[in-house]
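Structure, as structure tokens:
The values are calculated or read from the model by the stated rules, or taken from the named source; none is laboratory data. The structure displayed is predicted, hence computed values, not measured ones. Quick reminder, even Gly has a Cβ in these numbers, built from the backbone with ideal geometry, and neighbours come from all protein chains shown. Note: accessible area is taken over every heavy atom of the protein model, side chains too, but ligands, DNA and RNA are not part of it. Shrake-Rupley method; radii C 1.70, N 1.55, O 1.52, S 1.80 Å.
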Amino acid sequence: MATGLVVTGASAADWTLTVQTDRHLDALALGHLGDDAAWSRLRPRPGRNLGYFFDEVRLTRQTEGGHWSLLARQRAVAVVSEGALDLARSVDAGGDPAGDRRWSVALDYLGFSGVGVEFGRGLDLGGGWRGDAACQGLQLQRLSARQAHGEAAYQAATASYSAALTSREADSRLTFPYQAAVAGHGLGLLCRAGVQWQGGPWTVAVEGRDAGVLMWDGLPQQDAVLSTDQQRVGADGFVTYQPLVQGRNTQSPGRRTLAPISTWSVGWSGSSLGRFRADVVWLPGWGALPGASWERGFGDWQLGLGWRVHERRAEASVARGGWRLALSSDGRGQTRSTGWRLDWRVASP
């Protein structure tokens with residue numbers, strides 16, 4: 001999971017370039033995303049399924065008074081029910097299920113991309129405590145959100161389908177008839193804050209990030225209600241839907257409030273054993289994403305290993321001097337979870 005920038009050992013004025021990507025899909029290999037046959041390749045986990053993309057490029061100037069950053073980033077998080085994915089796969093495959101089926105449909109998605117600036121600074125609170133805070137302003141290049149909830153069913157005895165679904169979509173690229181002007185860009189105001197305590201070999205830290213608001217004037221929005229009771233299948237074997245759909249297209253100032261992604265961690269350091277850390281990332285709309293890591297110095301080199309529990313993903317890192325490289329993957333042939341991060345720091349004279 002992407003985290004805020006941490007610069008250690010900073011001199012009076014350092015420059016740091018950070019490039020990172022962090023991507024995960026529970027139900028589909030990342031390489032199949034966007035394929036025409038992607039629906040047929042879905043293999044959802046039981047219960048809820050998670051997907052996220054966190055990508056960022058950042059140039060930071062760190063001084064004794066704080067830091068300034070120029071950044072470009074995108075973020076997308078989707079939480080979807082197993083029933084919604086199984087229904088989509090069944091519809092794409094065509095034909096009828098072998099027996100009675102019922103699908104519980106739930107989808108919540110929010111994504112945005114933008115460029116902007118960030119300012120932040122740290123503060124020594126005394127007694128082993130240290131805090132830091134930062135805020136970023138983004139010119140949004142895209143904002144999209146989608147929610148869908150309801151039930152769908154198939155009865156084998158009568159070969160009938162039924163569905164009662166509600167859907168809401170808001171997207172800066174959505175188009176419909178008689179559409180008014182849409183602002184070319186949106187605005188994002190997001191903040192981060194954290195506090196850390198260190199006592200002897202122990203370190204405890206809490207951080208919240210991406211708390212704030214996303215705004216877009218004239219954002220196209222579409223609400224729809226689907227109610228269907230269909231009993232016919234076409235000659236090609238696909239269900240021919242004749243639903244009752246009630247919908248409404250609107251435009252208004254789009255506003256999305258983001259709850260913070262929080263990270264809770266505890267670490268222990270031993271001079272010969274290295275540093276161990278356990279952490280839990282709390283992702284709003286999903287819940288806990290636990291993980292653990294270990295780092296140790298070997299001369300001028302710093303090596304690290306880690307494991308993300310939900311993603312089933314191993315991590316490895318290497319650092320020396322002013323640079324650090326971290327790689328992670330679930331190790332499957334059909335990769336569903338992967339990430340990498342490069343930090344390159346140059347100290348000013």
For region 119-144, enumerate the residues that are touching a His at 6+ places or on another chain (Cβ under 8 Å) and either open to solvent by 30 Å² or more (accessible area, probe 1.4 Å) or over 20 Å from Gln62 (Cα atoms) (or both).
Phe119, Arg121, Gln139, Leu140, Gln141
Any residue in region 170-187 that is touching a residue at least 60 places away in the same chain (Cβ under 8 Å) sitting within a Cβ distance under 6 Å of a residue that is among the hydroxyl-bearing types (Ser, Thr, Tyr) and in a loop (DSSP other than H, G, I, E, B)? List the pairs, counting only those 6 or more apart or interchain.
none
Failed item, numbered, when Arg43 is tested on (1) of a type outside the set (Gly, Ala, Ser); (2) outside any strand (DSSP E or B); (3) touching a residue at least 24 places away in the same chain (Cβ under 8 Å)
(3)
Selection from region 182-207 of residues open to solvent by 20 Å² or more (accessible area, probe 1.4 Å) and of a type outside the set (A, V, I, L, M) yields Gly184, His185, Cys191, Arg192, Gln196, Trp197, Gln198, Gly199, Gly200, Pro201, Trp202, Glu207
Could you grab the pairs with beta carbons closer than 7 Å, sequence gap of 6+ or different chains, first residue in region 80-94 and under 14 Å from Arg45 (Cα atoms), second one basic (Lys, Arg)?
Ser81/Arg48; Glu82/Arg45
Mind listing just one residue for me: the one in region 72-86 that is open to solvent by 30 Å² or more (accessible area, probe 1.4 Å) and of a type outside the set (Gly, Ala, Ser) and, of those, farthest from Ser167 (Cα to Cα)?
Gln74
Report, by residue number, each residue of region 153-170 that is crowded, with 19+ Cβ neighbours inside 10 Å and modelled with pLDDT of 90 or more.
Leu165, Ala170
So, in region 74-99, of the ones that are out of contact with any strand residue (DSSP E or B) (no Cβ under 6 Å at 6 or more places or on another chain) and outside any helix (DSSP H, G or I), which residue ends up farthest from Ala159 (Cα to Cα)?
Gly94
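For every residue, the table says whether it meets (1) closer than 26 Å to Gln334 by Cβ; (2) touching a Ser or Thr at 6+ places or on another chain (Cβ under 6 Å).
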position: Ser269; (1), (2): no, no
position: Leu273; (1), (2): no, no
position: Pro284; (1), (2): no, no
position: Ala292; (1), (2): yes, no
position: Glu295; (1), (2): no, no
position: Gln302; (1), (2): no, no
position: Leu305; (1), (2): yes, no
position: Glu311; (1), (2): yes, yes
position: Glu315; (1), (2): yes, yes
Does region 59-75 hold any residues that are closer than 27 Å to His310 by Cα and of a type in the set (Lys, Arg), and which are they?
Arg73, Arg75
Select, from Gly297, Gly331, Gly285, the only residue that is open to solvent by 20 Å² or more (accessible area, probe 1.4 Å), over 30 Å from Pro220 (Cα atoms) and outside any strand (DSSP E or B).
Gly331
Result of the Cβ filter at 8 Å on region 300-315, keeping first residues that are under 12 Å from Ser337 (Cα atoms) and touching a residue at least 60 places away in the same chain (Cβ under 8 Å) and partners that are open to solvent by 70 Å² or more (accessible area, probe 1.4 Å) and assigned to a strand (DSSP E or B), at least 6 apart or interchain, is Arg313/Trp307
Region 270-282 - residue that is of a type in the set (Gly, Ala, Ser) and over 30 Å from Thr257 (Cα atoms) and, of those, surrounded by the most Cβ atoms within 10 Å (Cβ to Cβ)
Gly274
Identity of the residue in region 308-328, assigned to a loop (DSSP other than H, G, I, E, B) and modelled with pLDDT of 95 or more, that ends up least open to solvent (accessible area, probe 1.4 Å):
Glu311
Considering each residue of region 169-190, count those that are under 23 Å from Ile261 (Cβ atoms) and among the hydroxyl-bearing types (Ser, Thr, Tyr), and give that number.
1
Of the residues that sit in region 226-265 and are open to solvent by less than 30 Å² (accessible area, probe 1.4 Å) and not aliphatic (A, V, I, L, M), which one is modelled with the lowest pLDDT?
Gln230
